[in-house]
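Structure record follows, encoded as structure tokens.
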Amino acid sequence: MAQTLVALLALASMAACAPSNKPNAGLQLNTIAKQQHKLYFGSATDNPELNDTAYTSILDSRMFGQITPANSMKWVCVDAIEPSPGNFTFHDGDVIANLAKRNGQLLRGHNCVWHNQLPDWTLRDTHVFFNSSGTKFIPAAFHAARKADPHAKLYANDFNIEGPGVKATAYQNLIKTLKKEGVPIDGIGLQSHFIVGELPPNITQNIEAFVKLGVEVAITELDIRMTLPATPALLAQQQKDYESVIASCNASLPLPMNFYFEASKVLDKLDAKQGSIKGLIATLPERDRKRTAAAVIETLKYKNVLNDVIEATKLLKEEKKLKSRNLTLVLVHDLLLSGGIQAGDGPIKQAILRHKTRLSSEFTRIKIKHGVKSTVELAQTGDERAAKIPRYVRVNATCWDMEDAVKEFKSRGYALSNPFEHKKGFQKDEHVPNLLLFSPESQWVEDELYKSGKVILQDKASCFPAHILSPPALDSAVVIDATAAPGNKTSHLSALMRGQGKLYAFERDKRRFGTLQMMLQKAKCRNVEPVNADFLTTSPEDSKFSAVTHILLDPSCSGSAPGRTQGPVAELESTEEQESRLNKLAGFQLMMIKHAMKFPSVQRIVYSTCSIHATENEHVVRAALESEESKAGHFKLAPRKDVLPTWHRRGIPEEMNSPDDGESLVRCSPGEDATNGFFVSLFIRESSSSSSKRKVSDEGEDDEDLLDNITIPTAKKRKKKKKKSAISHDT
């Protein structure tokens, strides 16, 4: 018992929710909680209550899967547990521990240290630990507890952190610091002492914010008090409040292992060649998409090494519960490379943890065998060219300017120098205004500049379409982004327009439309009107769009440009499958251009893809120029002088009707241009003048289309010129 008390700093597991009134025995709350994929539904108890047989008769594992001593495990209550240094009395605590053991219940310690209940010999100094050792006492306590009992869950537990706020944020920052320093913290306890009708807002979102840090979350001391006398209205509100809190607990934490199951299913489908990473991840619920994508890609980077570790430890042979190799891969990846398996206890997790020491030892042995100093050196990117691409960061001119941004980064210790030579080096891009280059290893997802929309992570090549379209910064300007989600290019267009005029951003998919709206709000795009509709169904004769002069088209493409995903998996398709897919996409892409050409006032149309295939690039442009829509609208390709003239890599001349047409096009090669692969073209009306230039970025959008019967016109055969292309292409 002494060892358990020290170890349980504040324990529990995922979803503990304590009731306030005596429950109906027929409800079997713990059973219901487990049916909802929670680990338990628990209750507080204390020694005086254990003499009530009616009470103890329902304090069993069907009703409550966990119990917490309200006072008898605190350092001092009525009688001191440690009346003098080193002398312990655990009688009351042992009574409750033995009860939990008989009932087959989990036991949650509460609390090892609480500032209002300290032994007399500490001089009742409520800040005794802080005053004696500063903040060092926090990691020291966790390390001491883990040493006392390596198997106990260690929690921090506090009040007024149930909803977002200063104190909750402080705890989240504390958890980040502790985990970064290797302190063994497993979870956070939300005490949840509430008042009827005064619940904190956004409890669900706050729980999720803690979960994202890789810790478990427990509602540990839920009570919702009211001012007596009770009235029917107060009792009804109290019931509603309890239901709301339990619902937040239920909604915020789905089945802990679901995330790993989803990631393993994606890996299974990749092995079976049933889709691409991008396509498969797009089918996942938006809530888990980002996390699952990261897990899949990171696991694939280390797949060969992890498989060697699994084989060497004979993990799959010794653990019969591990029936899926890919699920095992994801779990072992997180155990060894991501600070631990981020899920509640269960048989599958325990099957992995039983071999933690052997797995770690084998992983270390493999690192020695390969002669690497860091784990990163074991990663397989699948495309070494991706390592040559810097991290591009676009300064959002809607929020601030480049001068202020440079000052900010210099104040953080960055210096204007080569980002490949110095991790704290950064440079201004030579082609795109407001674009900065940082080290590929730089991290931005948690940076406040990124979170606030002041900087946008966008590849250089992805900035080209908006820069080349060069929309006017006038109140009378009307512009369309035909395939806008996720919104990087749209936000760039808005910045180039300086928030003036009107920018219509089309996105037909509801989920992606939601992502677009969030992005535009984050980027402070005040002149954008999001439209949840298919651009192809929009009538060019609609008076709403009669004044549109600039249209950006970045439709679905094969995403074949090397370096785009920077992932380790190649898209494995047969030649026939690839040709069929490319032709289908090209037909859709051509339809988009032809539709854009029908808008009566349009003067400039940018068409771009993230593909290397001439089928989707030069062939589509050539077919568009030969279309009836192009002839009726008098469209042509803008000359090189108006299309990023200083960029060296142009279109493939052999695939166009004339060398000049090839010079009008822009291509990017990740192996040589320090960008992701990309293609950009600019159509203009012959009567229009084109001179201004600007730039922007964003990844290509997803629009896998259903237009099976649309085909691109077959090109007339002509003799190939001897000049070789600077980039590989299909023929």
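Please treat every number below as a calculation from the coordinates, not as lab data. Quantities reported herein were computed from a predicted structural model and do not represent experimental measurements. FYI the Cβ positions are ideal-geometry reconstructions off the backbone, even for glycines, and counts take in every protein chain you see.
Here are the numbers for the structure shown:
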| item | result |
| --- | --- |
| Pairwise FRET efficiency - VAL95 versus ALA148, Cβ, R0 = 22 Å, nearest 0.05 | 0.55 |
| Hull shadow area, averaged, the stretch 258-378 [alpha-carbon convex hull, nm²] | 7.5 nm² |
| Mean Cα-pair separation over length for the stretch 207-354, i.e. relative contact order, pairs under 8 Å, 6 or more apart, % | 24 percent |
| Peptide ranges 259-270, 671-682, 540-551 listed from the most packed, as the mean C-beta count within 10 angstrom indicates | 671-682, 259-270, 540-551 |
| Most to least packed among 54-60, 504-510, 243-249 [average Cβ atoms within 10 Å] | 504-510, 243-249, 54-60 |
| Gain in span if fully extended, GLU49 to ALA170, counting 0.36 nm per residue against the direct Cα distance | 39.9 nm |
| Contour excess over end-to-end distance, with Cα ends at ARG365 and LYS179 and 0.36 nm allotted per residue | 64.5 nm |
| Distance (nanometres) between label positions extended 7 Å along Cα→Cβ at HIS648 and ASP223 | 7.4 nm |
| Cα gyration tensor category, rounded, prolate or oblate, for the stretch 386-460 with a/c compared to 1.5 | rounded |
| Taking the stretch 472-685 and dividing mean pair separation by its residue count, relative contact order in percent (alpha carbons under 8 Å, at least six apart) | 18 percent |
| FRET efficiency, VAL376 to ARG291 (Cβ-Cβ, R0 22 Å, nearest 0.05) | 0.60 |
| Relative contact order (%) - the stretch 386-460, alpha-carbon pairs under 8 angstrom, separation at least six | 42 percent |
| Enclosed volume per residue, in Å³, of the convex hull spanned by Cα atoms of the stretch 472-685 | 136 Å³ |
| Estimated inter-spin distance, LYS524 and ALA415, nm [label 7 Å along Cα→Cβ] | 3.1 nm |
